[in-house]
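To start, the structure under review is shown below, and the notes come after it.
Derivation of every value follows stated rules applied to the coordinates shown; laboratory data play no part. Quick caveat, the model's predicted, so the values are computed rather than measured. Backbone-built Cβ (ideal geometry, glycine too); neighbour counts: all protein chains shown.
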Amino acid sequence: FFDKHGVDNYLLHGCKAKSDEHVHIGYDEKEGGICWSHNPTMPPFTCKVEEPLKGTKLGGFKSFIEYKIHTQISGNRVVGRRYKQFDWLHEQLVNKFRFICIPPLPEKQIAGRFEQEFVEERRRQLEIWLNRICRHPVLCASFPVQHFVTCELTDGNNKEWKAGKRRSEKDELREAVWLHCVTFTNSNLSDADITSYIDAFVQQQPSLESQIKNLTQGLVKYLERHTEIYERDIQRISELFAKFQKVLQMDTTTLGNKELSDSTLKVSTAYNSIADLYKTKGSEGIRDFDERIQEYIGLLACFPLILSIQRSASEFIRNIQQRGPSTVSDYNGVIHRSQVLNHVVLAEINFFQKEKVQDLNLYMKTLMHEQIQFYEQITSELHDAAVTFH
């Protein structure tokens with residue numbers, strides 16, 4: 001796939017296409033070294049995907065869910081988008097930005113796609129996906145993303161949307177040709193240094209992806225136990241205490257037995273409440289954490305292709321260097337363009353690593369606090385029952 005993506009042609013001949021696009025790669029120790037520079041006119045932003053609403057067309061023959069997209073940049077403008085428009089945006093980004101990680105969309109579903117629980121799950125996942133795109137210093141400023149989050153689209157007014165859609169689809173600056181838009185600030189890193197940083201990530205990536213998959217699989221099983229086993233077993237304990245309390249109730253003469261009976265009922269009530277907590281509070285935090293780290297499986301899955309192209313390009317350049325400058329017409333240009341490619345790959349690696357640290361810190365801290373609250377609520381239920389005994 002080295003030739004498939006046009007990298008060899010870019011390295012040997014560059015690109016003569018003119019474009020207003022410009023992407024710069026800088027050097028900042030705080031950002032991990034080589035890093036994407038923010039677009040001065042369009043920095044990264046966040047967005048919300050809200051208010052899913054079922055719509056119809058073709059006289060009710062076709063149904064769909066439309067989501068409202070709120071962003072910081074559109075002057076409080078709200079645009080409606082269906083899943084197929086998210087799918088269009090994903091396709092445009094994958095085709096254009098071959099050397100940037102574009103996470104996959106949540107999978108499309110046919111059966112049950114209008115059920116409330118599925119619609120809410122899909123809304124959350126689309127919001128996570130879109131925020132990942134809009135936080136990227138390069139993607140957030142790209143025309144497809146800007147068109148997606150700002151262009152109004154209605155059945156009666158779709159000319160602007162279609163015009164922007166055609167512009168994006170006819171964009172020639174995609175795959176390796178897009179590298180023509182990239183410049184970089186010279187750093188004190190040699191080509192060998194940059195290659196060594198990339199190689200270090202090559203060693204990390206498979207293990208990180210594998211362990212995140214293992215973690216998500218474990219969390220899924222744990223969630224299943226919460227709702228299918230723990231909740232049921234705890235409800236069973238509640239029922240057993242309730243039956244035990246009814247037997248205690250039969251003794252109406254022994255001193256203190258009524259108080260014992262009432263306290264036993266409190267125990268039954270406490271366990272019933274705990275079962276409800278396992279179904280709701282205990283599952284929500286773990287589910288949210290699982291959704292967010294599953295996104296990282298999709299991000300990490302983007303890297304093998306990127307790294308394979310970079311490795312093939314490096315071998316290509318080494319062969320040219322071994323044969324000598326006279327073997328190509330623009331030797332210095334070839335070397336420079338290979339440096340552009342290496343800077344792009346390392347900038348994306350460093351951006352991923354920085355986001356990973358920030359995200360996982362937040363995700364795990366949030367999970368721990370939610371689990372603390374969950375178990376504190378369980379403790380509170382048990383404490384309320386315990387204090388009734390004399």
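Of note:
- Among 174-187, 350-363, sorting by the average number of other beta carbon atoms lying within 10 angstrom of each residue, highest first, gives 174-187, 350-363.
- Whichever aspartates and glutamates have a C-alpha closer than 19 Å to that of K30, once near sequence neighbours (fewer than 8 apart) are set aside: D193, E348, E355, D359
- This ranking places H383, H136 by how few other beta-carbon atoms lie within 10 Å of each, fewest first, which gives H383, H136.
- Correct choice for Kirkwood radius over Cα pairs in Å that was computed from the model, options [x] 21.6; [y] 22.6; [z] 24.9: [z]
- Residue (of N350, S326, H226) at the positive-pole extreme of the chain, dipole from beta-carbon charges: S326
- Among L260, L153, L105, the largest mean-square fluctuation in a Gaussian network model of the chain (Cα springs under 10 Å) belongs to L260.
- Between helix 116-134 and the chain there is an angle of about 40 degrees, using the helix long axis and the longest principal axis of the Cα atoms.
- Taken as Cα centroids, segment 326-384 and segment 269-310 sit 16 Å apart, rounded to the nearest whole angstrom.
- Principal-axis analysis of the Cα atoms of the chain puts helix 303-323 at an angle of about 20° to the longest axis.
- Cα-centre dipole for the chain with unit charges at Cβ (Lys and Arg positive, Asp and Glu negative), debye to 20: 1200 debye
- Alpha-carbon centroid distance for the pair segment 107-171 / segment 9-39, whole angstrom: 26 Å
- Positive minus negative residues near G14 (Lys, Arg vs Asp, Glu; Cβ under 15 Å): -1
- Environment charge at T185 (Cβ cut-off 14 Å; Lys +1, Arg +1, Asp -1, Glu -1): -3
- For K16, a cut-off of 20 angstrom between C-alpha atoms picks up these aspartates and glutamates, skipping any fewer than 8 places away in its own chain: D3, D8, E169, D171, E172, E175, D330.
- Tilt relative to the chain, helix 191-225 - C-alpha long axis, 0 to 90 degrees, to 10: 20 degrees
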